[in-house]
Amino acid sequence: MSGVDLLKEDEMKLKANGERLWNSLMEMAKIGPGERGGNRRLALTDEDIEGRSLFREWVEEAGCTIRQDTMGNIFARRNGKNPDAPPVLSGSHLDTQPSGGRFDGILGVLGALEVVRSLNDYGIETKSPIEVAVWTNEEGARFPPAMMGSGVFAGVLKQEEIYANQDPDGITVEHELRRTGQLGSVPCETFPINAYYELHIEQGPVLENENTSIGVVTGGQGAVWNHITLHGQGSHAGTTPMNYRRDPMMGASIIITELREIIRKHSTAVCTVGRLETYPSSINTIPSRVFFTVDTRHPDQEKLMQFNEDLKNLVNTVCSSEGLENEFSIVQINPSVEFHQDCINIVRNSAQSLGYSHRDIVSGAGHDACYLNDVAPTGMIFIPCDNGLSHDEAENTSPEQVAAGADVLLNSVLASAGS
Ligand code: GLV
Ligand code: MN
Ligand code: MN
């Protein structure tokens, strides 16, 4: 990494324009409004594209040139004194959960835009170019897996396989990339990158509880996503005695309850059943089939895999006692990650020299940064969010916290890009 000379504490005191960043966040939040003040901009829907168009307008106004790759990832480039030097990348995602917040992802994209705008205001030409990145479908809420664009970019996911992935209505990723004009001309593959920084809300309660402004993210916990389908026998709800039934909903409820027991054996593990669908979904019919998802996470990769093995055994045991069949597929494995020590130090020193309270923290959520970490020195900056809430329309943070995060991002990017 170049430009580490800028790590000297007294040099890192530039401030971003927090008010401008807040106003841009509020402007973006008008696109794809939710029902309770949040947002619904699922990946590659018309709302997502509208958000991307507004982003394009803003980066062009800021003097950037835009490239788009074959996964729809967007790179907005501010050139440097040395245009051939590997750029410093910073960004996140503009897509949201179905009933999501205004900051998850958007803060990282618009925070990076604010870095460019602030550098323009200060008239600073960096040595390395800076690129603002928008990664496609980070959330994975419409098309699994999560972090799809950055995963293909990092070479962990295969583009042909990802193109074929379908949303719950059977529409493929490739179809939506083409329909929305997001299938760019540049191959989706990594290139030399000086460093990658991502600003994000914490999405948990730690910083707020400790009254701390900045989380210096040292890594992220691992995650495994499972799709489970239980098959039984559909039948009449009134005429079928209980002991004659092969009811997959009964099986699902036993599995979901028992999951808590497994969790107790793996302290610090978390698991979530976020989707549950019965077929044919009729009040007076015993379902023939039940589909549900299980999201499991643990900071220790070995324990996470053991936990998933236990889950698989549980599904098999319950199915044999209830007379059911099952399909069990793992749709995503994200190993736990440790970010690059240089980037961690730069973020910590930036927060320190700006006078912001800070602490090291491990991310509970997945982020594009977790894939970028495979191909570039990577670091993340967290700011607190109200009551630790995220993936809900109640997600909130304050203009002051946003401004502090942008200041740390600006100084971190500058430290890596050099001036
Ligand atoms: C991304 O939002 C995740 O599921 O952690
Ligand atoms: Mn996010
Ligand atoms: Mn998210």
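The values are calculated or read from the model by the stated rules, or taken from the named source; none is laboratory data. Here the structure is a predicted model, which is why all the values come from computation and not from measurement. Positions of Cβ are backbone-derived with ideal geometry, glycine not excepted, and every protein chain shown enters the neighbour counts. What goes into the accessible areas is simple: the full protein's heavy atoms, side chains included, and nothing from ligands, DNA or RNA. Shrake-Rupley method; radii C 1.70, N 1.55, O 1.52, S 1.80 Å.
A few notes on this one:
- Of the criteria (1) open to solvent by 50 Å² or more (accessible area, probe 1.4 Å); (2) under 29 Å from Pro98 (Cβ atoms), which one Glu325 fails: (2)
Per-residue answers, yes or no, for (1) within 16 Å of ligand 2 (Cβ to nearest atom); (2) modelled with pLDDT under 95; (3) under 30 Å from Asp407 (Cα atoms):
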| residue | (1), (2), (3) |
| --- | --- |
| Lys303 | no, yes, no |
| Phe307 | no, yes, no |
| Asn313 | no, no, no |
| Asn316 | no, no, no |
| Gly323 | no, no, no |
| Arg348 | no, no, yes |
| Gly355 | no, no, yes |
| Ile361 | yes, no, yes |
| Ala376 | no, no, yes |
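- Within segment 200-255, being in a loop (DSSP other than H, G, I, E, B), out of contact with any strand residue (DSSP E or B) (no Cβ under 8 Å at 6 or more places or on another chain) and over 30 Å from Ala351 (Cα atoms) holds for Gly238, Thr239, Pro241, Arg246.
- Segment 268-315, residues that are surrounded by fewer than 17 Cβ atoms within 10 Å (Cβ to Cβ), under 25 Å from Gly364 (Cα atoms) and among the small types (Gly, Ala, Ser): Gly274
- Among the candidates Pro98, Pro144, residue that is at pLDDT below 95 and either open to solvent by 10 Å² or more (accessible area, probe 1.4 Å) or under 23 Å from Thr172 (Cα atoms) (or both): Pro144
- Given (1) away from ligand 3 (no atom under 16 Å from the Cβ); (2) part of a loop (DSSP other than H, G, I, E, B); (3) closer than 26 Å to Pro144 by Cα; (4) open to solvent by 10 Å² or more (accessible area, probe 1.4 Å), number of the condition Gln68 does not satisfy: (2)
- Sole residue being among the small types (Gly, Ala, Ser) and surrounded by fewer than 20 Cβ atoms within 10 Å (Cβ to Cβ), chosen from Gly232, Gly238, Gly222, Gly215: Gly238
- Close pairs from segment 61-84: first on the phi > 0 side of the Ramachandran plot, partner surrounded by fewer than 16 Cβ atoms within 10 Å (Cβ to Cβ), Cβ under 7 Å, at least 6 apart: Gly63/Asn120
- Residue identified as more than 16 Å from ligand 1 (Cβ to nearest atom), closer than 29 Å to Pro287 by Cβ and surrounded by fewer than 20 Cβ atoms within 10 Å (Cβ to Cβ) among Ser320, Ser357: Ser320
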